[in-house]
Amino acid sequence: MLVLYIKGIRWHFINTFKNGKKFFVKSFYRFFESYAFGIITPGRLGEVLKLGYENNIHNKFKTSIHILAERGFDVGIFIFFALIALSSGRFLNVDFTVLLIVCLISFSLLLLSYLLLCSKLTYFYIQKLIYKLTRKSILLDSIPIKHSPQRTLIIFVLSVISNICYFLSCYFLSMSVFLHIPFLIVTGVIAIVGLINMLPITIMGLGTREYALLTLFGDYSQTNIIAFSIILFSVAQIGACIFSLINSLIFLQIDKRNNQKNG
């Protein structure tokens, strides 16, 4: 569950410009609650619950940009590791041009996420696009505070660390059901499965995860693959959801006590 705490710290750095224990507590409470709801909704759409904590349109817009940047970092990293599995030639015979395009998509997402956090010019163009689509200029009157390049780099590093920890966990889970597959291959396949599960098709990736694993790990025992899928579902979905709910309640109570002391 170290992965979730790292992601919680990352969300604090993304969405909060204030330091201090009470601000960390508030960030953790909001992150864990939205993460729990995200797990049980198709495509993790429940994570937009983070917008509900904001009290005006300026903050909602800022947080929506931060959610996009957070998701962009994760998707970009997942695509990069999925590229490793595809380039191995072990599962699919993919043309070099396709691999190059996938690589460009990965780096483009990472760069866009970086710019969303630290470039006011990027904010301006997004607001200008919204104005063209909606003919509403309210968002153009307020440009959110941008992160420094150093802070954005820390956010990126936390994204890499949290996702590598997740891939390591999946690798050890595969070993527990006697799927002796190289780490990079497991990582690439899990990344592909994760990208498929981001599509709002089924709740918790049920069905799509099993189909993808059976297809990509077709050379291995189907019994072991199904066992791997079940343990992934139990730990990464059910376990993470329960863990997040418990932590959200714990940090909510701490946040309430902090407010009472300050009130």
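See the values below:
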| quantity | calculated |
| --- | --- |
| Degrees, to the nearest 10: 149-176 long Cα axis against longest axis of the chain | 30 degrees |
| Backbone HN-Hα couplings from phi across segment 62-77 [Karplus 6.51/-1.76/1.60, Hz, Gly and Pro as x] | 4, 5, 5, 5, 5, 5, 4, 5, 4, 5, x, 4, 5, 5, x, 5 |
| Efficiency of FRET between residue 257 and residue 1 - r from beta-carbon atoms, R0 22 angstrom, step 0.05 | 0.40 |
| For the chain, built as a Gaussian network whose Cα springs stay under 10 Å, the top-fluctuating residue of 151, 44, 209 | 151 |
| Length released on extending from residue 107 to residue 120, taking residue separation times 0.36 nm less the Cα-Cα span | 2.7 nm |
| Global size of the chain as Cα Rg and Dmax, reported in angstrom | 19.7, 63 |
| The chain, dipole about Cα centre (Lys/Arg Cβ +1, Asp/Glu Cβ -1), debye to the nearest 20 | 1340 debye |
| C-alpha long axis of helix 183-197 to longest principal axis of the chain, angle in ° | 60 degrees |
| Pairwise label distance in nanometres, residue 223 with residue 175, each label 7 Å out on the Cα-Cβ vector | 2.3 nm |
| Violating pairs (Cα-Cα greater than 28 angstrom) within the set 22/62; 120/256; 22/50 | 120/256 |
| R0 of 35 Å, Cβ-Cβ distance residue 246-residue 100: FRET efficiency to nearest 0.05 | 0.20 |
| Other-chain or far-sequence residues with amide H under 5 Å of residue 202's (modelled H) | 43 |
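Any read-out appearing in this document is the output of simple, stated calculations on the displayed coordinates, not a laboratory observation. Model, not experiment: these values are computed from the prediction. Please note: Cβ atoms are built from the backbone with ideal geometry, for glycine as well, and neighbour counts cover all protein chains shown.
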